[in-house]
1. As I understand it, the value is the acute angle between the Cα axis of helix 40-49 and the longest principal axis of the Cα atoms of the chain; what does it come to in degrees, rounded to 10?
2. Considering the options ALA369, ILE348, ASN410, tell which one lies farthest towards the positive end of the dipole of the stretch 317-456, charges being +1 on Lys and Arg and -1 on Asp and Glu at the Cβ, about the Cα centre.
3. Which order do LYS193, LYS162 fall in if you start with the one that has the fewest other Cβ atoms within 10 Å?
4. Quick one: compute the contact order of the stretch 376-451, relative version, from alpha carbon pairs under 8 angstrom and 6+ residues apart, as a percent.
5. After finding the eigenvalues of the alpha carbon gyration tensor for the stretch 336-456, what semi-axes result from the square roots of 5 times each, listed largest first in whole Å?
6. Taking a threshold of 22 Å on the Cα-Cα distance, which of the pairs LYS67/LYS407; LYS237/LYS335; LYS165/LYS337; LYS237/LYS340; LYS70/LYS407 fall above it?
7. For the residues PHE121, PHE144, PHE307, what sequence is obtained by ranking on other C-beta atoms within 10 Å, fewest first?
8. How big is the gap, in Å, between the Cα center of the stretch 1-64 and the Cα center of the stretch 205-281?
Amino acid sequence: MSARGNFSSRIGFILAAAGSAVGLGNIWKFPFEVADGGGAAFVLIYLIFAFILCFPVMVTEVAIGRKTEKNPIGAFNALGFRRWNIIGKFGILCGVLILSFYNVVAGWAFGYFLEMIVGNFGIGDTFGTFTSDIVKVGGYAVVFMLTTAYIVSKGVSGGIEKLAKILMPTLIIMILSLVAYSFTLPNAIEGVKYYLVPDLSKLTNVNTIGGALRQAFFSLSLGMGALITYGSYLSKKENIVSSSVMITLFDVGIAFIAGLMMFPLVAYNLGGEMSNVQGGAGLIFVTLPGVFETLGGTLGVIVGGFFFLLLSFAALTSTVSLLEVPVSFVVDEYKMKRTKAVIIMSAIIFIIGLPSLVGNGYSEFFTNAFKLPGGSTDFMTLVGYITDVLLMFGGFLIVTFAAYVWKKENLAEEISQGYPGFNDSIIKKLLNFCISYLCPVLLALLFVMVVLNNFF
Ligand code: PHE
């Protein structure tokens, strides 16, 4: 195990996995999905899904990884079910695709940090010009990918774990200070109401339900083997169930708090008229700079800079986990040196990301050419949809595999290492019920629903 690397402590693993989970998905995507999905009803469904559908997938992924000490493809081979390694193949593909566009958005966040500290608040009004300035955003994307590659090249405990141990606590302090600040603004309460008082009629809306599930999978980094990979570096002494509880709470908690920070800011900007909320990717990049501007010179620079730095940090612990998945694959299966694997993989992923980079204004084709029922869309949005759906499908396959192919007893045996009482606990019964019935059935149904709703 030491040749591949491993986490040096339980808290290191939890922070790294929480770092993977907490990212643009929580701070950038979650609030605008909430706005698009109808406010608090979305939040409620999201929370339910995170615990009943996603949590069992997480435990299963970590257990498969730790049992086999392998990457997502090698893991299924090592268990003796080579045909099922298709889960890992799709998973790695999915990770590569996610990182290819995620890195572009992470680059924007970093670019905005630089714009805020020089006081360029007007950037929000010219977001489209910013994203089509290929030299600038291309440069930021390169910087972000290089930073990610550098950290992954340092290995599991020396790179990924160390980064998470520094950035995750910093992130918590930053986000809590921003929440405290945003609560002091006029109309904050209107924002909180919009965020937390559900419109019950939306609870049965297909868009709301589908969006909440997609968001839960993406946000928890599930369905593609990121947690198989991280689990493969976890010691047998550790309790998988309680670690997964912590990771889930961490992720859900940060997303929830990000909303508490965001909606008072938005309400302040809209003078409390929450019916004018605009969702979409622009919520952060278009609306917030204007909010920071109204705070006035130095304060705006500090709060705005702080915010986008926070966003960049959150993104970095996620890009690192996304890169680690294909890297672990070539390191395990082709015995390639980590550094070489990192260079090759990050270069490939960067190239695959070029259409996403130019598809936000620079290239007319990649910005508009893709047709979905909701209208034409850009390349990045399309890839985002496809990968979201793949994650849900991956989650469905992973629990089905564990329950009916690998078998529940083997899963239980792996979990009980580091959790001796597991076999006699109610947790085991609940988990078995979820992975055998609840998750496969609901995930299959919801998967069909989301695909029909989004693509047909
Ligand atoms: N969970 C990350 C986020 O919310 C994104 C991610 C998805 C990371 C899948 C790894 C795997 O930003």
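Computed from the coordinates by the stated procedures, all read-outs in this text should not be read as laboratory data. Small disclaimer: the values here were computed from a predicted structure and weren't measured. Every residue, glycine as well, gets a Cβ built from its backbone with ideal geometry; the counts of neighbours run over all protein chains shown.
1. Roughly 10 degrees between the two axes.
2. In the stretch 317-456, that residue is ASN410.
3. LYS193, LYS162
4. The value is 44 percent.
5. Working: eigenvalues 300, 108, 17 Å².
They are 39, 23, 9 Å, listed largest first.
6. LYS237/LYS335; LYS165/LYS337; LYS237/LYS340
7. Details: PHE121 21, PHE144 25, PHE307 28.
In increasing order of surrounding Cβ atoms, one gets PHE121, PHE144, PHE307.
8. Using only Cα atoms to place each centre, the spacing works out to 6 Å.
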